[in-house]
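Visitor: Can you read through this structure? Questions will come right after.
The values are calculated or read from the model by the stated rules, or taken from the named source; none is laboratory data. The structure presented is a predicted model; accordingly, all values stated were derived computationally and were not measured. Here the Cβ positions follow ideal geometry from the backbone for every residue, glycine too, while neighbour counts run over all protein chains shown. These area figures cover heavy atoms from the full protein model, side chains too; ligands, DNA and RNA do not enter into them. Shrake-Rupley method; radii C 1.70, N 1.55, O 1.52, S 1.80 Å.
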Amino acid sequence: MILLLQTLFCFALGTKTDEAIQQIKTLVESAPFKAESYKKLAELSDTIGPRMWGSQQLLDAEDWLLNVIQKDFPDAKKEALKPFKTWRRGEEYLTLYEPRQVPQKLKVIGLGLSEPGTVKAEVIVVRDWNELNAVSTQVKDKIVLMSFDFGVYSTMRDYRTQGPSVVAALGAKAYLLKSIASDSMQTPHTGYTSYNGTRIPAAAISTEDAEMFWRMQQRKQKIVVELSLQSEIFTGEGHNIIAEIKGSQYPEQILVMGGHLDSWDTGAQTGANDDGGGVLICYEALRVLKALNIPIKRTIRFIAWSGEEMAQADKGAVQYADAHAAENHILALENDQGSLKAVGFGFTGTLAAKRQIKTLINLYLPEFSKVWSDDGTMSDTLPLGKKGVPMIANIVNDTPTGDFYFKYHHSAADSISMMNPDDMDSNIVAIASIMYLVADAEQTLPK
């Protein structure tokens, strides 16, 4: 019965769909679309640069993006967020005093939402939670460095988000984190942290310096550093940006695609890959779909979300999901895993929805035929996912641990120089195609 339904479903799409998918590919490979997402990203990265949540740079980027979008979608709009608390970085330094005879300045970057302060103390190095537990009685009044092996991101992220509170409860004065990076080349990688109890300064250092501290400790050398982090919490303002193609038959059924416009502030162009590229790839996908100049049954909505990096409970994606809770979202996609060549999709939803997605992809998108189950959840689509909306994410040609992505992630090396226009275009083809297939299908994607 399932096979029969899938056959009938595919027959209903037919030749018109084949022609539309081919036209999407042709459009992306031709002017004025070829490499256009790259060109726009270069302008954003060069002209505005990094875009911390609540910063003037992010407000400038919102104005820039809205101006770009309204050339093709005059009804595009900003949706104002409720005022939110966010974080601003100040002066930072880390100085190594022992075992060096001459003090040495080291590269350091405060973790987002870190407590400010200046601490000079001995450093104790651990590799994981088990090692921390083994030396828990030795941590009091020291600075703890978590120098883990690169691996699964969720584990490494826990060291960043939970580490400061865990060591503070043991009496530590500050927390240092080996950068979550496959290779750092002396570029510390930041990210948000959180607190549950005592707040202490928390920062990331390069992978090279973290390994140096480990070797020093193995020699039983005393390690003394001074860490100084200045920052402030303030009330910010910001917006989500929305543009859409209204559905011709079922306009109340909405497919969402987008990325987050905010970024970290570690370098002059930080936020090119994470996630300026994701935003502009999805916007170009919307432009391509409009250029098809054919009716599409369901509404396809582009969103540039605000505030993903700070991961707060009132970030833009949460405010969007709450404000639009009465609408019927049938699929949500976020492009936030980098912009290497597209190879497939991750999907999170019911078995029936997954079967429909796989059928569409196998029939019309064989070059993107890899579909990972339960791998469609992204930070900004999760608020919709929690309301029962199926989630999908484009998957790119990286290693299982994201070695290319995490070489640049949240660091000064995240710049336009790491981006490839052809790879970005491949993601436009993938995203525009899957959005079209689901939006124009005879059968609504089941929840």
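Visitor: Report the rotationally averaged projected area of segment 157-220 based on its alpha-carbon convex hull, in square nanometres. Mind showing how you got there, number by number?
Guide: Numbers: hull surface 18.7 nm².
Averaged projected hull area, Cα only: 4.7 nm².
Visitor: Mean residue ellipticity at 222 nm from the helices of the chain, using -39,500 (n - 2.57) per DSSP H segment of n ≥ 4 over the full residue count, to the nearest 500 deg cm²/dmol?
Guide: Values: 12 runs with 155 residues, N = 447.
My calculation for the chain gives -11000 deg cm²/dmol from helical runs alone.
Visitor: With a ≥ b ≥ c the root eigenvalues of the C-alpha gyration tensor of segment 265-348, is it rounded (a/c under 1.5), prolate (a/b larger than b/c) or oblate? Show your work: numbers first, answer last.
Guide: Numbers: a/c = 1.91, a/b = 1.18, b/c = 1.62.
It comes out oblate by the Cα gyration axes.
Visitor: How much of the DSSP bridge set in the chain is antiparallel, in percent, rounded to the nearest 5?
Guide: Details: 39 of 72 bridges.
In the chain, approximately 55 percent of DSSP beta bridges are antiparallel ones.
Visitor: Quote the relative contact order of segment 57-127 in percent (integer), defining contacts as alpha-carbon pairs under 8 Å separated by 6+ residues.
Guide: Details: 30 pairs, mean separation 12.8, N = 71.
About 18 percent, as a whole number.
Visitor: Using the basic label-point model (7 angstrom from Cα toward the beta carbon), what is the LYS71 to TYR153 distance in nanometres?
Guide: A separation of 3.1 nm, rounded to one decimal place.
Visitor: Only Cα pairs within less than 10 Å get springs; with that Gaussian network setup on the chain, which residue of PRO99, PRO188, PRO400 has the largest fluctuation?
Guide: In this elastic network of the chain, the residue with the biggest mean-square fluctuation among PRO99, PRO188, PRO400 is PRO400.
Visitor: Further question: Skip the ligands, DNA and RNA, and give the accessible area per residue of the chain with a 1.4 Å probe, whole Å². Present the calculation step by step, with values, prior to reporting the outcome.
Guide: Values: 17830 Å² over 447 residues.
That works out to 40 Å² for each residue.
Visitor: Then there is this: Nothing charged except the Cβ atoms of Lys and Arg (+1) and of Asp and Glu (-1): what's the magnitude of the dipole of the chain about its Cα centre? Round to the nearest 20 debye.
Guide: On the way: 45 positive and 55 negative charges, 164 e Å.
Using Cβ point charges on Lys, Arg, Asp and Glu, the chain gives about 780 debye.
Visitor: Which pairs break 23 Å Cα to Cα here: LYS107/LYS315; LYS71/LYS246; LYS16/LYS40; LYS40/LYS297; LYS85/LYS107? Numbers along the way, then the final one.
Guide: On the way: LYS107/LYS315 30 Å; LYS71/LYS246 17 Å; LYS16/LYS40 31 Å; LYS40/LYS297 29 Å; LYS85/LYS107 28 Å.
The pairs that break the limit, which is 23 Å between Cα atoms, are LYS107/LYS315; LYS16/LYS40; LYS40/LYS297; LYS85/LYS107.
Visitor: Now for a separate question. I need the fraction of alpha carbon pairs in the chain separated by more than 37 Å, rounded to a whole percent.
Guide: 29
Visitor: For segment 11-88, just the Cα atoms, rotate onto the principal axes and tell me the three extents in Å, largest first.
Guide: So the extents along the principal axes, rounded to whole Å, are 53, 29, 23.
Visitor: Using a ≥ b ≥ c from the Cα gyration tensor of segment 298-344 (square roots of the eigenvalues), is it rounded, prolate or oblate, where a/c under 1.5 gives rounded and otherwise the larger of a/b and b/c decides, a/b for prolate? Each step should come with its number before you reach the end.
Guide: Working: a/c = 2.88, a/b = 1.21, b/c = 2.39.
Cα axes put segment 298-344 in the oblate bin.
Visitor: Give, as a single signed number, the net charge of other residues whose beta carbon lies under 9 Å from the beta carbon of ALA35, with Lys and Arg counted +1 and Asp and Glu -1. Don't jump to the answer; show the numbers that get you there.
Guide: Details: positive: LYS34, LYS39; negative: GLU36, ASP422, ASP425.
Once positives and negatives cancel, what remains is -1.
Visitor: For segment 28-103, what % of the accessible area comes from carbon and sulfur atoms, probe 1.4 Å? Mind dumping the intermediate values first?
Guide: Details: 1980 of 4050 Å².
That fraction is 49 percent.
Visitor: Further question on the same structure: Tell me whether segment 88-216 comes out rounded, prolate or oblate; compute the Cα gyration tensor, take square roots of the eigenvalues as a ≥ b ≥ c, and use a/c under 1.5 as the rounded threshold.
Guide: On the way: a/c = 1.14, a/b = 1.08, b/c = 1.06.
Here segment 88-216 falls in the rounded category.
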